[in-house]
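The values are calculated or read from the model by the stated rules, or taken from the named source; none is laboratory data. Since the structure is predicted, the reported quantities are computational estimates derived from the model, not experimental observations. No Cβ is skipped: glycine too gets one built from the backbone with ideal geometry, and neighbour counts run over all protein chains shown. SASA here: full protein model, heavy atoms, side chains in, ligands and nucleic acids out. Shrake-Rupley method; radii C 1.70, N 1.55, O 1.52, S 1.80 Å.
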Amino acid sequence: MTATRLHTVEAAVLSGAVFAVYALGACRTIYVGDSGELVAAVHLLGIPHPSGYPLYVLLGKLWTLLVPVGSVAFRMSLFSAATGAAACGTVFWTVRGQGGSRIAAGTAALLLAFSPSFWGEANIQRVYTLNALFVALVTAAALVWHRSRDLRLLWLAFFLCGLGATNHTFMGIVAVALAAFALLTDPALARRLRPAAIAGGAFAAGLLPYLYLPVRSRFDPALDWGDPETLDRFLAVVTRRDFWGRAWIEGPRDLVPIAADYLRSLGAELLWVGAVLAIVGVLAGWKRGGAVLLSVLVMAVNVGAMALHGSRTDIFIWHRYYIPSYLMAAVLAGIGAQVVVDRLPRTVRAAPLLVPLGLLLLNWSEFDRSRYRVADDFSRTLLSTIPPGAHLIADDDNILFVLIYLHLAEGVRPDVDLILQGVGEARLPPLRFNPDDDPLYLTHHPNWAIKGLEIVPVGLVFRTMRAGTPVPPVPALARTLAGEDDPRVPRDYLTENLIGHFHYMLGSTEEARDWTAAVHEFEKAIAAAPHNDVLFYNLGLIYAREGLADESLAFFQRSHEINPRHIASISRSRASDRVAEMEAFRDRLASIERGFPGGPAPA
């Protein structure tokens, strides 16, 4: 057996073991965030949010047909597990090809496998493990080209960049890093037009799955985000035109906290020992170039791209966008691990494997999603409160996308008219309804100011009612979500926010009926989502409405502390302005109370 075949067999064995770990903890139900919309798109062969992710949709559809196990959501969790495990196997193969031993290559692959952000995406329904697989495949092809100078492998790497970009646009940026790597290690390529033209053509050929978007859109699938049938709308979807305004960065000084957070994340993802191994790998391999240079270039473009267009949560909370960096750092750690192995006595040469083993033991409970039902339970409970034939305007990805999945993929409550707020709005007809016999519900308060209409919280939704109409009875709901109090069910940031929103809505419903009960629910919301600036901002509005100035001010200040740059509702003043308003309100309230000693202040 040749060395390449041996490495391939070893990589396949490692991938199988990693897949088994991921599958054991795979989410059986739909997850929070983008998962619901992505899985619904796979099931319907629809078009999810920009950039449309056509490769994920097409491969996911094929996977769900070939692996008919459980719900579509569970099958797509296994799809993430399979692509994630394949990415780890590719990292193993790459380090072995760079001269690394089984121990060094295993250390690299398992550091990636059990790093928190990567593992956190490897057993739920998202696009990031497939993206990591393409990063790994491009790296493998590029490094073999670097050793052999066989241009066909370089062209293959560019083709994989283009194909991967139809799953996640970051692969287009990887192509820039790949071009820089090729020119820096073989400057003669800059003077040869034909290889460059073929590389560009290979990249363009990889982009062909994007043709799925306008073709499929013409059939008007139930999920058709952006309606990309014209060139302008197609480019708007592919380039994520409407998302660029969310960038957190405001000036060069913001690069300092972004870089500091990025460096801290490397230590957290690989454990600091793994990060040190990566540094050793850079120092040991720098003169040889190859893996070190390519890894550094990909890491640089990764953090640069995030700094330029990432939102606050993208940069500082969700480190999944840095997974390409963690993959490259794992490759570097493998090179560093080989340096260590070469200097250890034979009896303890497996010592580097203790680092990923530590990650496995530390993170298993956090990423065992086999009991996770929070998002599914929330949305099923919400839908159960809507009468037949009613309209439901859904908003906020964390709620809207799960509803999309349950409604379109699992057929839950087909008798409800689910209006997909923000999805294909250009094709939505004008909304007309009679609040008396044609009820309209909303998942979030719309901030309407329509004379004669009131927006009333009823359980987990808001109902539009004619002013003066008696408030309908509140449906009997469970006071906790499935798994909310189970320590074996992990919570990430979005899950915390969903649980917090659940109790916030229960409290909002109780506000006009039983203030004590409302406060109890608000306290549970705060305990569940202590880092949600939106929640604290909304609580500030409620407590201000109740005339509780000190408490209201404290909530606005907490919202401002969490996120001083972008307040939750862009239609209202920034938190700092709101704090000033509340201070003036508190002073005014105190003066009123002084003017009416011994009696209540006037409304």
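When the test is whether a residue is touching a helix residue (DSSP H, G or I) at 6+ places or on another chain (Cβ under 8 Å) and closer than 25 Å to Leu24 by Cα, Leu133 passes it. No other residue among Ala136, Ala196 is open to solvent by 10 Å² or more (accessible area, probe 1.4 Å) and either part of a helix (DSSP H, G or I) or closer than 25 Å to Leu45 by Cβ (or both) apart from Ala196. Number of residues in the stretch 370-406 that are closer than 20 Å to Phe74 by Cβ and surrounded by 23 or more Cβ atoms within 10 Å (Cβ to Cβ) equals 12.
Among the residues examined, Asp437 does not qualify as free of Cβ contacts under 8 Å to residues at least 24 places away in the same chain, closer than 28 Å to Gly36 by Cβ and open to solvent by 60 Å² or more (accessible area, probe 1.4 Å).
Those helices (runs of 4 or more DSSP H) of the stretch 1-106 in which at least 3 residues are open to solvent by 30 Å² or more (accessible area, probe 1.4 Å), considering only elements entirely within it, cover 3-24, 54-66, 72-97. Determine if the stretch 474-484 includes at least one residue that is among the acidic types (Asp, Glu) and open to solvent by 50 Å² or more (accessible area, probe 1.4 Å). Checked against the condition, which is being among the acidic types (Asp, Glu) and open to solvent by 50 Å² or more (accessible area, probe 1.4 Å), the stretch 474-484 yields no hits at all.
Taking the stretch 340-369 as the range and being farther than 20 Å from Ala330 by Cβ and either among the charged types (D, E, K, R) or crowded, with 19+ Cβ neighbours inside 10 Å (or both) as the test, the residues that pass are Arg343, Arg346, Asp368, Arg369.
If you go through the stretch 446-485 and keep only what is closer than 18 Å to Glu521 by Cα, under 32 Å from the mean Cα position of the chain (by Cα) and in a loop (DSSP other than H, G, I, E, B), you end up with Gly459, Leu460, Leu477, Ala478, Arg479, Thr480, Leu481, Ala482, Gly483, Glu484, Asp485. Somewhere in the stretch 218-235, is a residue part of a helix (DSSP H, G or I), small (Gly, Ala, Ser) and in contact (Cβ under 8 Å) with a residue 40 or more places away in the chain? No, every residue in the stretch 218-235 fails to be part of a helix (DSSP H, G or I), small (Gly, Ala, Ser) and in contact (Cβ under 8 Å) with a residue 40 or more places away in the chain. What number of residues within the stretch 506-531 are surrounded by 23 or more Cβ atoms within 10 Å (Cβ to Cβ) and part of a loop (DSSP other than H, G, I, E, B)? So the answer is 1. Within the stretch 22-34, none of the residues are more than 24 Å from Phe170 (Cβ to Cβ) and free of Cβ contacts under 8 Å to residues at least 40 places away in the same chain. Within the stretch 163-175, track down each residue that is open to solvent by 40 Å² or more (accessible area, probe 1.4 Å) and farther than 24 Å from Arg147 by Cα. Scanning the stretch 163-175 gives a single hit, Thr169.
Being over 30 Å from Phe401 (Cα atoms), touching a residue at least 24 places away in the same chain (Cβ under 8 Å) and either of a type in the set (A, V, I, L, M, F, W, C) or not in a helix (DSSP H, G or I) (or both) is a description that applies to Val273. Remark: pairs (first residue in the stretch 440-464, free of Cβ contacts under 8 Å to residues at least 60 places away in the same chain and under 15 Å from Asp395 (Cβ atoms); second residue aromatic (Phe, Trp, Tyr) and open to solvent by 20 Å² or more (accessible area, probe 1.4 Å); Cβ separation under 9 Å; 6+ apart in sequence or on different chains) = Leu440/Phe433; Ile455/Trp448; Thr464/Phe433; Thr464/Trp448. On inspection, Ala165 passes the criterion of being closer than 21 Å to Asp34 by Cβ, touching a residue at least 24 places away in the same chain (Cβ under 8 Å) and of a type outside the set (Lys, Arg). Being open to solvent by 30 Å² or more (accessible area, probe 1.4 Å), assigned to a helix (DSSP H, G or I) and either under 23 Å from Ala11 (Cβ atoms) or among the aromatic types (Phe, Trp, Tyr) (or both) holds for only one residue in Leu156, Leu184, Leu160, Leu178, and it is Leu156.
Here is a yes/no grid of residues against (1) of a type outside the set (A, V, I, L, M, F, W, C); (2) surrounded by fewer than 14 Cβ atoms within 10 Å (Cβ to Cβ); (3) in a helix (DSSP H, G or I):
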{"site": "Val237", "(1), (2), (3)": "no, no, yes"}
{"site": "Ile249", "(1), (2), (3)": "no, no, no"}
{"site": "Arg253", "(1), (2), (3)": "yes, yes, yes"}
{"site": "Val256", "(1), (2), (3)": "no, yes, yes"}
{"site": "Leu277", "(1), (2), (3)": "no, no, yes"}
{"site": "Val282", "(1), (2), (3)": "no, no, yes"}
{"site": "Gly285", "(1), (2), (3)": "yes, no, yes"}
{"site": "Leu293", "(1), (2), (3)": "no, no, yes"}
{"site": "Asn302", "(1), (2), (3)": "yes, no, yes"}
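What residue, among those in the stretch 207-235 that are open to solvent by less than 50 Å² (accessible area, probe 1.4 Å) and of a type in the set (Gly, Ala, Ser), is farthest from Pro48 (Cα to Cα)? So, considering only residues that are open to solvent by less than 50 Å² (accessible area, probe 1.4 Å) and of a type in the set (Gly, Ala, Ser), the one farthest from Pro48 (Cα to Cα) is Ser217.
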